[in-house]
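Report on the structure given below.
The values are calculated or read from the model by the stated rules, or taken from the named source; none is laboratory data. Values in this document were obtained by computation on a predicted structure and should not be read as measured data. Here the Cβ positions follow ideal geometry from the backbone for every residue, glycine too, while neighbour counts run over all protein chains shown. All accessible areas refer to the heavy atoms of the entire protein, side chains included, with ligands and DNA or RNA removed. Shrake-Rupley method; radii C 1.70, N 1.55, O 1.52, S 1.80 Å.
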Amino acid sequence: MSVASPALAQQDGPFASTAALASYWSTQSTGGSLTQIYVNGTLAYQRSGFGPAFVKEYFNCADGSGIKAFCNNIFDGYLRTSDAMGTFSSGLTVYLDGTLIRSGDPYYSAHLKTCLGDMSYYGRVKYYIVESVNDGFGPPYPGNDCF
């Protein structure tokens, strides 16, 4: 069993503010690489370097728990569609940008949206949001949009 060092344990958050996140990354080694850190798709910290870039994305979690690499609320941003889908029932039909990505109950659906943030070394950072959900228990949840 390996024990994570305090630096590695902190890497995914939570951080109290963007300034705290930038302060953390200003002291971390990324092997001399260009380092770019994003919060909600916006560049929050950058340090010059060589070779392939180290790029990491975070989100300001809607539940007030701070800035983290992984949040778990329908109002948050996500790096992967599977993480966004974890916020609602597994029986829902899921669409990404209007295209079916998971079949389920035809009366219950969720719509995910691809969002693009600031430019990184590798192109615009990409993340996903839950744009709307109709779970059959009330009116459809509308409303998330890209940050």
Q) Each label point is 7 Å from the Cα along the Cα-to-Cβ direction; what then is the distance between the points at S65 and D135, in nm? A) 1.6 nm
Q. Roughly how many nanometres apart are two label points built 7 Å out from the Cα toward the Cβ at T81 and D105?
A. 2.1 nm
Q: Express as a percent, rounded to the nearest 5, the fraction of DSSP beta bridges in the stretch 78-130 (both residues included) that run antiparallel.
A: 70 percent
Q.
Please compute the contact order of the stretch 18-132 in relative form: average sequence separation of alpha-carbon pairs under 8 Å and at least six residues apart, divided by the residue count, as a percent.
A. 19 percent
Q.
Can you compute the helix-only [θ] at 222 nm over the chain? Use -39500 (n - 2.57) per DSSP H run of at least 4 residues, normalise by all residues, nearest 500 deg cm²/dmol.
A. -3000 deg cm²/dmol
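Where Lys and Arg each count +1 and Asp and Glu each count -1, what net charge lies around I74 among other residues with Cβ under 11 Å from its Cβ?
Details: positive: none; negative: D63, D76, E131, D135.
Neighbour charge sum, excluding I74 itself: -4.
Would you mind counting up the charge near A44? Only other residues with Cβ under 14 Å from its Cβ, with Lys and Arg at +1 and Asp and Glu at -1.
Values: positive: R47, K56, K68; negative: E57, D118.
Every neighbour counted, the sum reads +1.
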Q: Name the long-range amide H neighbours of L96: under 5 Å, sequence gap of 5 or more, or other chain; modelled H, no Pro or chain starts.
A: I101, L112
Q.
Using the Cα centre of the stretch 42-147 as origin and beta-carbon charges of +1 (Lys, Arg) and -1 (Asp, Glu), tell me which of G98, C115, S48 is placed farthest towards the positive end of the dipole.
A. S48
Q. Given +1 on the Cβ of Lys and Arg, -1 on the Cβ of Asp and Glu, and no further charges, what dipole in debye does the chain carry about its Cα centre, rounded to the nearest 20?
A. 440 debye
Q. Roughly what % antiparallel, to the nearest 5, for the DSSP beta bridges in the stretch 18-107?
A. 60 percent
Q | Whole-percent carbon and sulfur share, accessible surface of the stretch 7-147, 1.4 Å | A | 54 percent
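N72 to Q11: FRET efficiency via 1/(1 + (r/R0)^6), r the Cβ-Cβ distance, R0 22 Å, to the nearest 0.05? Can you show the working numbers first?
Details: r = 18 Å, r/R0 = 0.80.
FRET efficiency, N72 to Q11: 0.80.
With a ≥ b ≥ c taken as the square roots of the eigenvalues of the C-alpha gyration tensor of the chain, please select rounded if a/c is under 1.5 and otherwise prolate if a/b is larger than b/c or oblate if it is not?
Working: a/c = 2.37, a/b = 1.96, b/c = 1.21.
Verdict is prolate for the chain.
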Q | Table column - 3J(HN,Hα) (Hz), the stretch 98-106, Karplus curve with 6.51, -1.76, 1.60, x for Gly and Pro | A | x, 9, 4, 10, 8, 7, x, 4, x
Q. How much area per residue is accessible in the stretch 12-82 when the probe is 1.4 Å and only protein heavy atoms are counted (Å²)?
A. 47 Å²
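Give me the number: length gained by fully extending R47 to D118, i.e. 0.36 nm times residue separation minus the C-alpha to C-alpha distance, one decimal in nm. Each step should come with its number before you reach the end.
Values: separation 71, 0.36 × 71 = 25.56 nm, distance 1.57 nm.
Gain on extension, R47 to D118, equals 24.0 nm.
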Q: Return the sequence-ordered ³J(HN,Hα) values of the stretch 121-138 in whole Hz as given by the Karplus equation 6.51 cos²θ - 1.76 cosθ + 1.60 applied to θ = phi - 60°, using x for Gly and Pro.
A: 4, 9, x, 5, 5, 10, 8, 10, 10, 8, 6, 7, 9, 10, 9, x, 9, x
Q) So between T27 and C146, what do we pick up on full extension, going 0.36 nm a residue minus the alpha carbon distance? A) 39.8 nm
